[in-house]
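The structure that follows is given in the form of structure tokens.
Bear in mind these aren't lab numbers, they're just calculated from the coordinates by the rules spelled out. Just so you know, these numbers come straight off a predicted model, no measurement behind them. Counting neighbours? That spans all protein chains shown, and the Cβs are built from the backbone with ideal geometry, glycine included.
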Amino acid sequence: MTGELILTQDGPLATLVITNPAKRNAMTAAMWAALPGMLEVLAKDPVNRVLVVAGAGGTFCAGADIAEAAAIARAGDDSLAVAAERALAEFPRPTIARIDGFCVGGGCQLAVACDLRVAAASARFGVTPAKLGIVYPPSTTRRLAALVGPAKAKLLLFTGELVDATEALRFGLVDRLVADDLLSAAVDDLAATIATRSRLTLRAAKAVLGDLPVPAPDERELAEGVAAFLERRAPNWA
């Protein structure tokens with residue numbers, strides 16, 4: 001079986017599952033190439049409010065498929081991997097990486113491109129191009145440094161060593177750390193909470209923090225939010 005990306009939706013929550021079990025969910029060239037188009041279609045779905053990115057079978061993603069490294073990396077900052085990262089980083093709704101097992105190389109790139117990262121206590125992380133003689137494109141390296149800081153980014157890149165989830169949390173590479181058997185529930189709860197918030201506010205916050213175009217104010221959402229607060233009820237953002 002060749003790898004594939006499987007997108008499912010349950011109400012406002014969409015889940016994108018990286019599936020390539022024979023290679024610990026390594027991303028093939030076809031998988032990198034498919035991601036932007038899948039996200040473009042999902043962005044047009046008015047029901048969707050949150051996207052979770054996960055791996056199948058107990059591991060997030062072991063990186064890019066090394067057998068296809070040349071095809072994946074060709075064209076530097078216009079590579080398949082960079083285009084996929086950019087599409088994920090610029091997706092207009094909140095994104096959560098649900099990380100268990102290995103999150104290494106290209107897998108770590110995808111996790112960093114998400115807005116939030118929730119990891120199982122047993123997860124392992126690594127940024128490994130120095131072990132392979134690969135040079136990450138500038139946009140990828142800068143996104144990592146923006147998340148963890150230049151010094152931690154250098155430590156991860158220079159050594160290429162794996163770090164455990166506790167150290168990843170200390171680095172800022174992970175936002176929340178939970179017991180392995182609670183990972184799915186914790187991510188579902190977080191996604192459900194986010195899904196109840198103002199879509200406009202979430203998109204504006206993501207745009208400002210990601211240096212993206214900020215959406216125009218929506219007087220209807222503001223009016224509904226204020227009314228719901230005064231009436232002590234949950235707002236209806238539909």
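For the chain, find the longest principal axis of its Cα atoms and tell me its angle to the long axis of helix 29-43, 0 to 90°, nearest 10.
The angle comes out near 0 degrees.
For a quick check, take a GNM of the chain with Cα springs below 10 Å and name the residue from Asp65, Asp100, Asp175 with the largest mean-square fluctuation.
Of Asp65, Asp100, Asp175, the Gaussian network model singles out Asp175 as fluctuating most.
Here is a follow-up. How high is the relative contact order of the chain, given as a whole-number percent (alpha carbon pairs under 8 Å, six or more residues apart)?
16 percent
Build a GNM of the chain with springs between Cα atoms under 10 Å: which of Ile66, Ile18, Ile96 gets the top mean-square fluctuation?
Highest fluctuation among the options: Ile66.
Top mean-square fluctuation among Leu200, Leu88, Leu132, Gaussian network model of the chain, C-alpha springs under 10 Å?
Sorting by GNM fluctuation, first place goes to Leu132.
While we're looking at this one, here's another question. For the range 1-28 and the range 98-160, what is the separation of their C-alpha centers, rounded to whole Å?
If we compute the Cα centre of each part, the gap is 19 Å.
In sequence order, what are the phi-derived ³J(HN,Hα) couplings for the range 196-210 according to the Karplus relation 6.51 cos²θ - 1.76 cosθ + 1.60 with θ = phi - 60°, rounded to whole Hz, with x for glycine and proline?
8, 8, 4, 4, 5, 4, 4, 5, 5, 4, 5, 5, 5, 6, x
So, one more: Among the listed pairs Lys23/Lys131; Lys131/Lys154; Lys131/Lys152; Lys152/Lys206; Lys23/Lys206, give every one whose C-alpha distance is greater than 26 Å.
Lys23/Lys206
Apply the Karplus curve 6.51 cos²θ - 1.76 cosθ + 1.60, θ = phi - 60°, to the phi angles in the range 107-120 and return the couplings in whole Hz, x for Gly and Pro.
Listing the rounded values in order: x, 5, 4, 5, 4, 5, 6, 6, 6, 9, 9, 10, 10, 6 Hz.
Long-range amide H contacts for Arg124: which residues qualify at under 5 Å (H placed 1.01 Å from N, peptide plane, sequence gap of 5 or more or a different chain)?
Amide H neighbours of Arg124: Gly101, Phe102, Cys103.
Let me ask something else. What distance in nm lies between label points placed 7 Å from Cα along the C-beta direction at Thr8 and Thr201?
Label-label distance for Thr8 and Thr201, simple model: 3.1 nm.
Okay, moving on. Which residues' amide hydrogens lie under 5 Å from the amide hydrogen of Val52, considering only partners 5 or more residues apart or on another chain, with H built in the peptide plane?
Those lying under 5 Å, H to H, from Val52 are Ala14, Thr15, Leu16, Ile96.
Would you please give the residues with an amide H less than 5 Å from that of Ala64, counting only those at least 5 places away or on a separate chain, with H modeled from the backbone geometry?
Met27, Gly106, Gly107
Quick one: of the DSSP bridges fully inside the chain, what percent are antiparallel, nearest 5?
Approximately 30 percent, going by the DSSP bridge assignments.
Still on this structure: Along the positive direction of the dipole of the chain (beta-carbon charges: Lys, Arg +1; Asp, Glu -1; about the Cα centre), which of Gly107, Phe158, Thr2 reaches farthest?
So the residue we want is Phe158.
Residue by residue through the range 174-183, what is 3J(HN,Hα) from phi via Karplus (6.51 cos²θ - 1.76 cosθ + 1.60, θ = phi - 60°)? Round to whole Hz and write x for glycine and proline.
Result, ordered by residue: 10, 9, 9, 10, 9, 4, 3, 6, 9, 4 Hz.
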